[in-house]
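See below for the structure under consideration.
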Amino acid sequence: MDVPLWLALIVVGYLGVKLVRPPWWLIAVLLLGGFLLADSVLAPVIDSFTK
């Protein structure tokens, strides 16, 4: 069964928010921080570290 990555991330994110109940500001900071890091100079370092 092939599940698209975006669908899996949405499901895992939804379940995480429902079960763990983090504050909304923390979710916003993590999303914005990840977006900004993905377009920064550190992106190649993070990419090589996660592979």
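Counting only protein heavy atoms and using a 1.4 Å probe, the accessible area of residue 35 comes to about 150 Å². Once the 1.4 Å probe is applied to the protein heavy atoms, the chain comes out at 97 Å² accessible per residue. Share of the chain's accessible area from carbon and sulfur, percent, 1.4 Å? Ligands and nucleic acids excluded, carbon and sulfur give 78 percent. Stretching the chain fully between residue 11 and residue 48 yields a gain of 10.7 nm (0.36 nm per residue, less the alpha carbon separation).
Extension gain for residue 25-residue 41 works out to 3.2 nm (0.36 nm per residue, less the C-alpha to C-alpha distance).
P(r) tail, the chain: Cα-Cα pairs separated by more than 19 Å, 46% of all pairs.
The values are calculated or read from the model by the stated rules, or taken from the named source; none is laboratory data. In this text, all values refer to a predicted model and were calculated from it rather than measured experimentally. Just so you know, the surface numbers come from the protein's heavy atoms only, side chains and all, with ligands and any DNA or RNA stripped out. Shrake-Rupley method; radii C 1.70, N 1.55, O 1.52, S 1.80 Å.
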